[in-house]
1. Hey, among the residues in the range 84-121 that are farther than 25 Å from S38 by Cβ and of a type in the set (D, E, K, R), which one's surrounded by the most Cβ atoms within 10 Å (Cβ to Cβ)?
2. Name the one entry in E247, E188, E213 that is modelled with pLDDT of 95 or more, surrounded by fewer than 18 Cβ atoms within 10 Å (Cβ to Cβ) and part of a helix (DSSP H, G or I).
3. The conditions are (1) assigned to a helix (DSSP H, G or I); (2) of a type in the set (S, T, Y); (3) within 21 Å of the chain's Cα centre (by Cα), and S174 fails exactly one of them. Which is it?
4. If you check R156, R172, which single one turns out to be over 29 Å from A66 (Cα atoms) and open to solvent by 30 Å² or more (accessible area, probe 1.4 Å)?
5. Within the range 201-210, which residues are closer than 11 Å to I178 by Cβ and part of a helix (DSSP H, G or I)?
6. Out of the residues in the range 35-64 that are among the charged types (D, E, K, R) and without any contact (Cβ under 8 Å) to a residue 40 or more places away in the chain, state the one that is farthest from G143 (Cα to Cα).
7. Got a number for residues in the range 98-128 being in a strand (DSSP E or B) and in contact with a Ser or Thr (Cβ under 7 Å, 6 or more places away or on another chain)?
Amino acid sequence: MHQVDPQGGGTQASASLPPMPSRIESERAAFGALRAGSAIAVLGDAGFGRSTLLWRLASDSARFGADTLTIFGSEALTAIPFSHLATLATRVPEIAGYAEDPLSTSQALAALFHARPLRVLIDDAEHVDPTSAAILTQLAGVGIMQLVLAVRDPARLPSAFHAFLGHAGTARVSLGGIDETDAKVMLEAQLGQQVNASSLTHMLHAVDGVPRELARLAGEAMRSGRFVSARGYLVYVRERIDEGTAEAQQRVSDWWARAATGVPDGDQAEL
């Protein structure tokens, strides 16, 4: 079996989080398309979970023993023909001869993956060099490969991938901002404790619904002591308190007591 193991602790940690409620249906469709052998395009701006879903799909492939390769588009290599195809050749040597003898190479690959196509998952697909993109798309078109692209900016895709994106047989999954239900699932999995409702709302709005930024904000808040545990909830304190200021301490303590119920009273704008 040809397989690239997931690398990078941050991405793996994100992939281990439970799926967010607003994305359950779209993820179900993506996994269904993957198992059915369909081409897939995962669309989403930076920080919205595009790479995380790609790793979920890669993990699913590994679980079912599928032949899988994962590569990363590199802006530094975009202008170098065959540069991303060379990456694949390190795992599937038959591809190395494509430039000299594409017909024989295609025949060899077809024999190698005659039972089911090789799954090729490509992150940052807009940075794949046009030559590699054209060859991969051709191989997918004749059933040798199943392509799964993660795309941040469709307008920057090489022409072959752009056509692939618009093909009727390509399943498209678009990832946008998350909602408060998603934030609750995500943060409580990350922090290991329930988070106060008003804190969830404030933090989600502060990062404009971007999940990666929400995780970063929560991590920084934990490290800097801006989360306080009160009545079983984590409460996010929105101003740094000077420990020598008794009045400020008292004001925040009164607010904690209200906030910990999940529906704090009074004017929260003061924090």
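The values are calculated or read from the model by the stated rules, or taken from the named source; none is laboratory data. Here the structure is a predicted model, which is why all the values come from computation and not from measurement. Cβ sites come from the backbone with ideal geometry, for glycine too, and all protein chains shown count toward neighbours. With ligands, DNA and RNA removed, areas are computed over all heavy atoms of the protein, side chains included. Shrake-Rupley method; radii C 1.70, N 1.55, O 1.52, S 1.80 Å.
1. In this case the residue turns out to be D101.
2. Unique residue meeting the criteria: E213.
3. If we test S174 against (1) assigned to a helix (DSSP H, G or I); (2) of a type in the set (S, T, Y); (3) within 21 Å of the chain's Cα centre (by Cα), just (1) comes out false.
4. Within the list R156, R172, the selection yields R156.
5. L204 - this is the single residue of the range 201-210 that is closer than 11 Å to I178 by Cβ and part of a helix (DSSP H, G or I).
6. Ranking the qualifying residues of the range 35-64, first place goes to R63.
7. Looking only at the range 98-128, we keep the residues that are in a strand (DSSP E or B), and these are 118-123.
From what is left, the residues that are in contact with a Ser or Thr (Cβ under 7 Å, 6 or more places away or on another chain) are 119, 121, 123.
Summing the residues that are in a strand (DSSP E or B) and in contact with a Ser or Thr (Cβ under 7 Å, 6 or more places away or on another chain) in the range 98-128 gives 3.
Yes or no, residue by residue, for (1) out of contact with any strand residue (DSSP E or B) (no Cβ under 6 Å at 6 or more places or on another chain); (2) closer than 22 Å to L165 by Cβ; (3) at pLDDT below 85; (4) open to solvent by less than 60 Å² (accessible area, probe 1.4 Å):
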residue	(1), (2), (3), (4)
Q3	no, no, yes, yes
G8	yes, no, yes, yes
I24	yes, no, no, no
A30	no, yes, no, yes
D45	yes, yes, no, no
F48	no, yes, no, yes
T52	yes, yes, no, yes
